[in-house]
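The values are calculated or read from the model by the stated rules, or taken from the named source; none is laboratory data. Note that this is a predicted model, so its numbers are computed, not measured. Cβ placement follows ideal geometry from the backbone for every residue including glycine, while neighbour counts extend to all protein chains displayed. For the accessible areas, the whole protein counts, side chains as well, though only heavy atoms, and no ligand, DNA or RNA atoms are used. Shrake-Rupley method; radii C 1.70, N 1.55, O 1.52, S 1.80 Å.
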Amino acid sequence: MYDFDREVDRSNTNSVKWDKREEVFAAGDITPLWVADADWPTAPEVIEALKQRVEHGVFGYTFAGEEYKKAVQRWYERRYGWKIKREWIVFLNGVMPGMHLALRSLKKNTYKALIQPPVYFPFFKAVRKSGLKVIENPLKYQENSGFLLDFADLKAKIAEHSPDFLLFCSPHNPVGRVWDEEELLKIYRICQENEVLLISDEIHGDFVFEKTFRPLASAAGEESPAIITLNSPSKTFNIAGLQIAYAIIPADGLRRRFKNSLTGIMPHPGPLSLEALGAAYSRGENWLVAQLEYLKGNIKAAREIIAEIPGVKAAEPEGSYLMWLDFSGTGLEEREIEDRLYHRARAGLQPGRWFGTGGSKFYRLNLATSRKRLIKALERMAEIFS
Ligand SMILES: Cc1ncc(COP(=O)(O)O)c(C=O)c1O
């Protein structure tokens, strides 16, 4: 019913992923497997809603009516069993703008924020540009269990620095972990006991394959936990260019302060972005289910090819469509790895060092492209690294 194999030419559409290849990789003809968007069109249900709104033709000042909040509420209740109240939802133009504003407006004592690298690199900038210092609580890697949160180090860093915030990434980009209930609860308790404000970026939460995703604030087990959850349908429905996101903030005082900081700075979401969110959350679920099935096939295909490449190891993406590949076993220096990737295999994976501590010699592979294109790029990679 939905065709994820159909390849749409995205070049010359000002696509960051496709049209910045030369600038970023000095290789204009590589298969771009970096920026986290998908190469297929959004759900037909979303396209239809947008067409109808465009037909209307008037795009004057718009507010986010109650139906959009209801769409978010229903999505959470249906998919995650979390009953959120309408007033907890604050619409934004992006998850990252929301994070920047939260950091700027809610910093209070030490002007320090914890992050857990290797992690989505704009977190570093969000902290620094907001006038705070980055404190790192790196993930641990264990041969049999993969990437884990380092609770002992977290407690030690909190004791030493008393940070104002922890920026939590759940599921974790780039390592692909979907944190277990027990891990979520531990994080919440440690932060609560030490008055560290949790900002939980859950933008990849709809991409889980075998495990169940649990929003951190719902795992906290309290009526209105002081957590800022940031989310968006932008990854789930591949509408990042439409710029719509939201915060969910159950605690009244915290929400009031956050909302105050938006006034006059965060533009109201536009009519097209709201229309897309409404249609996606109300009528797009079957498309999402089909997309997840397709991605499972891509993960399997990628895993099989990568298993044959000497010295390259893939972390299992429990969540997100990103695969974190460890090239350290090749014994090659990064310059040589990148020369082979970009100039010989013509595979545009994202360098792990961008993601901070622990990222060196890792490369992030975006699986959200046609299977045929993905397999071709990975086969070229296998040939060059074998
Ligand atoms: C973890 C994470 N947070 C936020 C974003 C970007 O969100 P937005 O475009 O809504 O600012 C991304 C995009 O790749 C991401 O991976």
- Task: Tally the DSSP beta bridges in the chain and give the antiparallel ones as a percent, rounded to 5.
- Result: 50 percent
- At most 13 other Cβ within 10 Å, DSSP loop - GluC sites (Glu not before Pro), region 100-206: 143, 195
- Net charge near residue 221 (other residues with Cβ under 15 Å of its Cβ; Lys, Arg +1; Asp, Glu -1) is -3
- Taking a cut-off of 23 Å between Cα atoms, list the lysines near residue 235, but don't count ones fewer than 8 places away on the same chain. 17, 20, 51, 69, 70, 83, 125, 211, 296, 300, 372
- Selection from 385, 31, 89 lying farthest towards where the dipole of the chain points positive, charges on Cβ: 89
- Query: Just 28, 348, 241 to compare: in a GNM of the chain, with alpha carbon springs under 10 Å, which one fluctuates most?
  - Reply: 241
- Query: If you build a Gaussian network model of the chain, linking Cα atoms that sit under 10 Å apart, which residue out of 147, 213, 91 swings the most?
  - Reply: 147
- Task: Work through the residues other than residue 67 whose Cβ is under 12 Å from its Cβ and net out their charges, Lys, Arg +1 and Asp, Glu -1.
- Result: +2
- Query: In terms of Cα to Cα distance under 16 Å, which aspartates and glutamates are near enough to residue 157, apart from those fewer than 8 places away along the same chain?
  - Reply: 136, 193, 195
- Using the Karplus curve 6.51 cos²θ - 1.76 cosθ + 1.60 with θ = phi - 60°, work out ³J(HN,Hα) for each residue of region 315-331 in order, rounded to whole Hz, and write x for Gly and Pro. 7, 6, x, 5, x, 6, 9, 10, 10, 9, 10, 9, 9, 5, x, 6, x
- Query: Using a 1.4 Å probe on the protein chains only, how many percent of the accessible area of the chain belongs to carbon and sulfur?
  - Reply: 48 percent
- Task: Using amide H atoms built 1.01 Å from N in the peptide plane, name the residues 5+ places from residue 94, or on other chains, whose amide H lies under 5 Å from its own.
- Result: 245
- Using a Gaussian network model of the chain with C-alpha springs under 10 Å, which one of 234, 15, 162 is most mobile by mean-square fluctuation? 15
- Which percentage, to the nearest 5, of the DSSP beta bridges contained in region 60-283 is antiparallel? 40 percent
- Task: Work out which trypsin sites (Lys or Arg not before Pro) in the chain are exposed loop sites (DSSP not H, G, I, E or B, at most 11 other Cβ within 10 Å) and give the longest gap free of them.
- Result: 109-386
- So what is the 222 nm mean residue ellipticity for the chain from helices alone, if each DSSP H run of at least 4 adds -39500 (n - 2.57) and you divide by all residues, rounding to the nearest 500 deg cm²/dmol? -12000 deg cm²/dmol
- Using θ = phi - 60° and the Karplus relation 6.51 cos²θ - 1.76 cosθ + 1.60, list the HN-Hα couplings for region 170-181 in order, rounded to whole Hz, with x at every Gly or Pro. 8, x, 8, 9, x, 6, x, 6, 9, 5, 6, 3
- Query: With a sphere of radius 12 Å drawn around the Cβ of residue 321, what net charge do the other residues whose Cβ falls strictly inside it have (Lys, Arg +1; Asp, Glu -1)?
  - Reply: -1
- For region 60-283, what is the accessible area per residue in Å² when the probe is 1.4 Å? 41 Å²
- Message: Once you place label points 7 Å from the Cα toward the Cβ at residue 8 and residue 108, how far apart are they in nm?
- Response: 4.5 nm
- Query: Could you give the nm distance between label points at residue 195 and residue 151, where each point is 7 Å from its Cα heading toward the beta carbon?
  - Reply: 2.4 nm
